[in-house]
Amino acid sequence: MASSTADQRQQLRDELERMPDWLRRPIGKASEISTVQRIVKERQIHTICEEGRCPNRGECYANRTATFLLMGAVCTRACAFCQVDKGHAPMPLDPHEPEKVAESVRLLGLRYVVLTSVARDDLPDHGAGWFVRVMETIRQVNPGTEIEVLTPDFWGGPTREAGQADRIQTVVAAKPTCYNHNLETVRRLQDPVRRGAKYDRSLRVLALVKAFDPTVPTKSGLMVGHGETEAELIEAMQDLRAVGCDRLTLGQYMRPSLDHRPVDRYWTPEEFDHLGNIARDLGFTHVRSGPLVRSSYHAGEAP
């Protein structure tokens, strides 16, 4: 067992050494990031920055911002790329979470906040109503703060399609500044990368948002490095535009641990610039494309 553990550690070290220089970022000064960490820890709430081990968390924390992860830190899905803990018995909802998040937004002075969540297939409405409750509480405490949501697909239950539509409509009716749902990867790689999610189901999320309220900007994200081709990425971008998706993020997949899907290859910064230009030519109104770009990176800078 000890030998096996040592081999795994060496394998992980080897992978880190092979990582290109453009993916290496300083963690950040403890004095600069401690404020956000203290606020989050004291209130026993979660951020995707920590749970997902985002490479930008040092920068974002230094700027006193974070993306809040609602409804606990255990996800009912098991995507092969994601660092967030998985399980069929997530923790009960914290009835005070909306107030804790709203207070954190106030303390950080956020004028733009991104709310995401684990998938909660165990809840009757999959957490749609909880998004709304948190949004309403943030607005009560912080009038004028804009709120972007990054939701799961809300799929499941006996009604499936009708249930998904009802849940999405619930969130859209709360008037988020932007509605984000990530496609994550190209059609061919959905099953091995996004266990429990489907390509057309995710496109349907974005289409439904526009059907319920065409004035709400929609956004999606793609990760590269799973073995996709440029042609497949362009096809995915075209599919997103076909359902009215307005904004796009493109970033490099980075393997969180040896238990996760390995990286097929690292795309260069120049290739990201090229993909970003293609996305703009396709009509996306706001594009962020770069190796370390993530879904909510500089989200408040969109027009």
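General observations
- Every residue from the range 11-44 that is among the aliphatic types (A, V, I, L, M), modelled with pLDDT of 85 or more and buried (at least 16 other Cβ atoms within 10 Å of the Cβ): I39, V40
- Residues of the range 276-303 satisfying the condition of being under 17 Å from A231 (Cα atoms) and within 20 Å of the chain's Cα centre (by Cα): G276, A279, S289
- Filtering the range 216-235 to residues that are more than 23 Å from I168 (Cα to Cα) and assigned to a loop (DSSP other than H, G, I, E, B) leaves G225, H226, G227, E228, T229.
- Residue satisfying all of: in the range 236-285; of a type in the set (S, T, N, Q), outside any helix (DSSP H, G or I) and surrounded by fewer than 18 Cβ atoms within 10 Å (Cβ to Cβ); modelled with the lowest pLDDT among these: S257
- Residue that is modelled with the highest pLDDT, among those in the range 55-72 that are more than 20 Å from H96 (Cβ to Cβ) and assigned to a loop (DSSP other than H, G, I, E, B): T65
- Residue within the range 45-54 that is at pLDDT 85 or above, under 19 Å from M223 (Cβ atoms), in contact with a Ser or Thr (Cβ under 8 Å, 6 or more places away or on another chain) and among the hydrophobic types (A, V, I, L, M, F, W, C) present: no
- Test: residue in the range 290-301 that is assigned to a helix (DSSP H, G or I), buried (at least 17 other Cβ atoms within 10 Å of the Cβ) and touching an Asp or Glu at 6+ places or on another chain (Cβ under 6 Å): yes
- If the condition is being over 20 Å from H298 (Cα atoms), surrounded by fewer than 20 Cβ atoms within 10 Å (Cβ to Cβ) and either touching a strand residue (DSSP E or B) at 6+ places or on another chain (Cβ under 9 Å) or charged (D, E, K, R) (or both), then the range 95-106 contributes E99, K100, E103.
- Selected residue (only one of G144, G129 is out of contact with any Leu (no Cβ under 6 Å at 6 or more places or on another chain), over 22 Å from P217 (Cβ atoms) and not β-branched (V, I, T)): G129
- Strands (runs of 3 or more DSSP E) wholly inside the range 107-212 containing at least 2 residues that are at pLDDT 95 or above and crowded, with 16+ Cβ neighbours inside 10 Å: 146-150, 178-180
The values are calculated or read from the model by the stated rules, or taken from the named source; none is laboratory data. Just so we're clear, the structure is a prediction, and the values are computed from it rather than from any experiment. Glycine gets a Cβ as well: all are built from the backbone with ideal geometry, and neighbour counts include every protein chain shown.
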